[in-house]
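Asker: Before we start, here is the structure in question, set down as structure tokens.
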Amino acid sequence: MRCPAGVTHRRHFHVPAPLFLDFLAPSWQAPHFPARAIRPYPSRTIPRQSLQQRPLSATPSRSAKAISNPRKDDAGNEMTITISPRAAHRLQTISETDQNPDLALRVSVESGGCHGFQYLMSLISAKDIDASEDTVFENEEMARKTGGRDGEDDGYKAKVVMDKPSLELLKGSSIDYTMELIGSQFKVSGIPGAKSSCGCGTSFDIA
């Protein structure tokens, strides 16, 4: 059969659809897992007190009481010293570590050093104290409560020992304990009659 003039004969080819094997195709559906209840962890609250630095003692420095051989100056005033809470705390710690309830810190002054006088410190026991020459100062309270029997604290109280010449030069001063990068040590501060001191902190001059 002829096609009319001007009409182009088009052939239609039937292309079969590609064979799709669904059992070979990958599955794109996300796997389904049963929901599990998540139990929240309890939050921890840090006490405010633990975030702050705890002081060694809430009690300010006060004059130590002379419990043995108290002395007075030429004007009749009692010669006293003070023991800082840090020094008292350190002495109590040493006493407990060494199991020595008679521990005391001896402070003595001798001529020498780069400024005329220098003070020396040493740890002693009660048997090393000269009752006729030495004055023994003791804090009225413990630096750290230990909880004695029946709620009473009858433990160690900080003690400082000085002979008369040393006390005359150091009266009114404070025994402290300093913690620095170069080391920790007991130290005398606030000497009323000192006009200058050395960088080492142990030598001073009297006005």
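The values are calculated or read from the model by the stated rules, or taken from the named source; none is laboratory data. Keep in mind it's a predicted model, so treat the numbers as computed, not measured. Note that each Cβ is placed from the backbone with ideal geometry, even for glycine, and that neighbours are counted across all protein chains shown.
Asker: Can you confirm whether D102 is closer than 12 Å to M162 by Cα, in a loop (DSSP other than H, G, I, E, B) and touching a residue at least 24 places away in the same chain (Cβ under 8 Å)?
Answerer: no
Asker: Out of all the residues in the range 64-80, which are touching a residue at least 24 places away in the same chain (Cβ under 8 Å) and out of contact with any Ser or Thr (no Cβ under 7 Å at 6 or more places or on another chain)?
Answerer: Within the range 64-80, K65, I67, D73, M79 qualify.
Asker: OK, next. If we scan the range 188-198, do we find a residue that is modelled with pLDDT of 90 or more and crowded, with 17+ Cβ neighbours inside 10 Å?
Answerer: So far as the range 188-198 goes, yes, one or more of its residues are modelled with pLDDT of 90 or more and crowded, with 17+ Cβ neighbours inside 10 Å.
Asker: Return yes or no: is E110 loosely packed, with under 14 Cβ neighbours inside 10 Å, acidic (D, E) and within 19 Å of L169 (Cα to Cα)? Step through it out loud before you land on a result.
Answerer: Working: loosely packed, with under 14 Cβ neighbours inside 10 Å: yes; acidic (D, E): yes; within 19 Å of L169 (Cα to Cα): yes.
Yes: the conditions hold for E110.
Asker: For residues that are outside any strand (DSSP E or B) and surrounded by 14 or more Cβ atoms within 10 Å (Cβ to Cβ), tally how many sit in the range 165-187.
Answerer: The first filter runs over the range 165-187 and keeps only residues outside any strand (DSSP E or B), leaving 165-173, 181-182.
Within this subset, residues satisfying the condition of being surrounded by 14 or more Cβ atoms within 10 Å (Cβ to Cβ) are 166-173.
Final tally of qualifying residues: 8.
Asker: Still on this structure, please answer the following. With respect to A131, determine if the residue is under 11 Å from K159 (Cα atoms) and among the small types (G, A, S).
Answerer: Spelling it out, it is not the case that A131 is under 11 Å from K159 (Cα atoms) and among the small types (G, A, S).
Asker: Test D153 against the criterion of being surrounded by 12 or more Cβ atoms within 10 Å (Cβ to Cβ), out of contact with any Gly (no Cβ under 6 Å at 6 or more places or on another chain) and modelled with pLDDT of 85 or more, and give yes or no.
Answerer: On the way: surrounded by 12 or more Cβ atoms within 10 Å (Cβ to Cβ): yes; out of contact with any Gly (no Cβ under 6 Å at 6 or more places or on another chain): yes; modelled with pLDDT of 85 or more: no.
No; evaluated as a whole, the condition is false for this residue.
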